[in-house]
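A.B. asks: First the structure, which I've put down as structure tokens, then a few questions once you've had a look.
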Amino acid sequence: MEIIDWSEKDIFITINAFSMFHGVKPFKTGKIMKLTKDTANTYDNEAIACEMRYFGRVGFVANSVNTVVKGCMSAGRVYDKIEDGYFAEVKFLTKSEAIAKILTMDEYLKEIENPESDVHYLSD
């Protein structure tokens with residue numbers, strides 16, 4: 001997997017629509033999620049699904065001015081910058097959204113070094 005080194009800038013994303021799946025239960029700060037382009041999504045051609053260990057699909061990266069938290073990038077802004085299999089870490093939680101940071105190359109490599117990291121269980 002090729003990881004773009006965004007170390008010069010932290011990229012935050014909003015995760016929403018998780019009430020459709022497991023609710024807020026899977027989300028805890030520090031948890032890792034896998035980002036996958038959802039090419040079969042008929043509602044949004046820039047949809048990015050989020051998956052977590054034990055839960056599978058837990059939500060989508062927000063892609064609307066009404067759902068993206070200020071300071072975060074929309075799915076449309078990161079869609080062409082990532083490949084399937086990118087990872088993000090949950091940083092903040094609200095009652096209706098989770099805010100995650102896309103891992104930089106250094107952060108990803110640090111996760112790989114940890115044999116207990118969810119990265120190992122979410123990788124293909």
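A.B. asks: Can you pull out the residues in region 75-124 that are among the hydroxyl-bearing types (Ser, Thr, Tyr) and under 12 Å from Glu51 (Cα atoms)? Don't jump to the end; show me each part of the working.
C.D. replies: Filtering region 75-124 down to residues among the hydroxyl-bearing types (Ser, Thr, Tyr) leaves 79, 86, 94, 96, 104, 108, 117, 121, 123.
Within region 75-124, Tyr86, Tyr121, Ser123 qualify.
A.B. asks: Something else about it: Which residue pairs have Cβ atoms closer than 6 Å, lie 6 or more positions apart in sequence or on different chains, and pair a first residue in region 14-28 that is among the small types (Gly, Ala, Ser) with a second residue that is at pLDDT 70 or above?
C.D. replies: Ala17/Gly59; Ala17/Phe60
A.B. asks: Would a scan of region 38-46 turn up a residue that is under 13 Å from the mean Cα position of the chain (by Cα) and of a type in the set (Val, Ile, Thr)?
C.D. replies: Keep residues of region 38-46 that are under 13 Å from the mean Cα position of the chain (by Cα), which gives 38.
With the extra rule that they be of a type in the set (Val, Ile, Thr), the set shrinks to none.
No, there is no match, as no residue in region 38-46 is under 13 Å from the mean Cα position of the chain (by Cα) and of a type in the set (Val, Ile, Thr).
A.B. asks: For region 1-21, does any single residue satisfy the condition of being modelled with pLDDT of 90 or more, farther than 23 Å from Ser123 by Cβ and not in a loop (DSSP other than H, G, I, E, B)? Steps first, please.
C.D. replies: Of region 1-21, the ones modelled with pLDDT of 90 or more are 11-15.
Subsequent filtering for residues that are farther than 23 Å from Ser123 by Cβ retains 14.
The next check asks that each one be not in a loop (DSSP other than H, G, I, E, B); those that pass are 14.
Yes, because at least one residue in region 1-21 is modelled with pLDDT of 90 or more, farther than 23 Å from Ser123 by Cβ and not in a loop (DSSP other than H, G, I, E, B).
A.B. asks: Only one of (1) surrounded by 13 or more Cβ atoms within 10 Å (Cβ to Cβ); (2) farther than 21 Å from Asp10 by Cα is not met by Met73, so which one is it?
C.D. replies: So Met73 meets the others, but not (2).
A.B. asks: I've got another one for you. With respect to Lys34, is the statement that it is part of a strand (DSSP E or B), among the basic types (Lys, Arg) and modelled with pLDDT of 90 or more true?
C.D. replies: Details: part of a strand (DSSP E or B): yes; among the basic types (Lys, Arg): yes; modelled with pLDDT of 90 or more: yes.
Judged against the criteria, Lys34 is a match.
A.B. asks: So Ile82 clears everything in (1) at pLDDT 90 or above; (2) crowded, with 21+ Cβ neighbours inside 10 Å except one condition, right? Which one?
C.D. replies: (1)
A.B. asks: With Phe55, Phe27 as the choices, which residue is touching a His at 6+ places or on another chain (Cβ under 9 Å) and either more than 24 Å from Glu107 (Cα to Cα) or aromatic (Phe, Trp, Tyr) (or both)? Let's see the steps before the verdict.
C.D. replies: Details: Phe27 fails: touching a His at 6+ places or on another chain (Cβ under 9 Å).
On inspection, the qualifying residue turns out to be Phe55.
A.B. asks: Do we have any residue at all in region 44-55 that's of a type in the set (A, V, I, L, M), surrounded by fewer than 22 Cβ atoms within 10 Å (Cβ to Cβ) and out of contact with any Ser or Thr (no Cβ under 7 Å at 6 or more places or on another chain)? Break it down stepwise before answering.
C.D. replies: Keep residues of region 44-55 that are of a type in the set (A, V, I, L, M), which gives 47-49, 52.
Now narrow it down to the ones that are surrounded by fewer than 22 Cβ atoms within 10 Å (Cβ to Cβ): 47.
So of that shortlist, the ones also out of contact with any Ser or Thr (no Cβ under 7 Å at 6 or more places or on another chain) come out as 47.
Yes - at least one qualifying residue is present in region 44-55.
A.B. asks: Output the qualifying pairs, or none if there are none: Cβ atoms under 6 angstrom, residues six or more apart or on different chains, first residue in region 37-61 and over 22 Å from Leu93 (Cβ atoms), second residue small (Gly, Ala, Ser) and part of a loop (DSSP other than H, G, I, E, B).
C.D. replies: Pairs that qualify, where the first residue is over 22 Å from Leu93 (Cβ atoms) and the partner is small (Gly, Ala, Ser) and part of a loop (DSSP other than H, G, I, E, B), are Asp38/Ala47; Asn41/Ala47.
Every residue, every condition in (1) among the small types (Gly, Ala, Ser); (2) in a helix (DSSP H, G or I); (3) within 17 Å of Lys31 (Cα to Cα), yes or no:
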residue: Lys70; (1), (2), (3): no, no, no
residue: Tyr79; (1), (2), (3): no, yes, no
residue: Glu83; (1), (2), (3): no, no, no
residue: Glu89; (1), (2), (3): no, no, yes
residue: Glu111; (1), (2), (3): no, yes, yes
residue: His120; (1), (2), (3): no, yes, yes
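A.B. asks: Still on this structure, please answer the following. In region 20-36, what residues are out of contact with any strand residue (DSSP E or B) (no Cβ under 6 Å at 6 or more places or on another chain) and under 24 Å from Lys9 (Cβ atoms)? Spell out how you get there, then give the answer.
C.D. replies: Step one: of region 20-36, the residues out of contact with any strand residue (DSSP E or B) (no Cβ under 6 Å at 6 or more places or on another chain) are 20, 23-25, 28, 30.
Across region 20-36, the qualifying residue is only Gly30.
The values are calculated or read from the model by the stated rules, or taken from the named source; none is laboratory data. Here the structure is a predicted model, which means the values were calculated and not measured. Please note: Cβ atoms are built from the backbone with ideal geometry, for glycine as well, and neighbour counts cover all protein chains shown.
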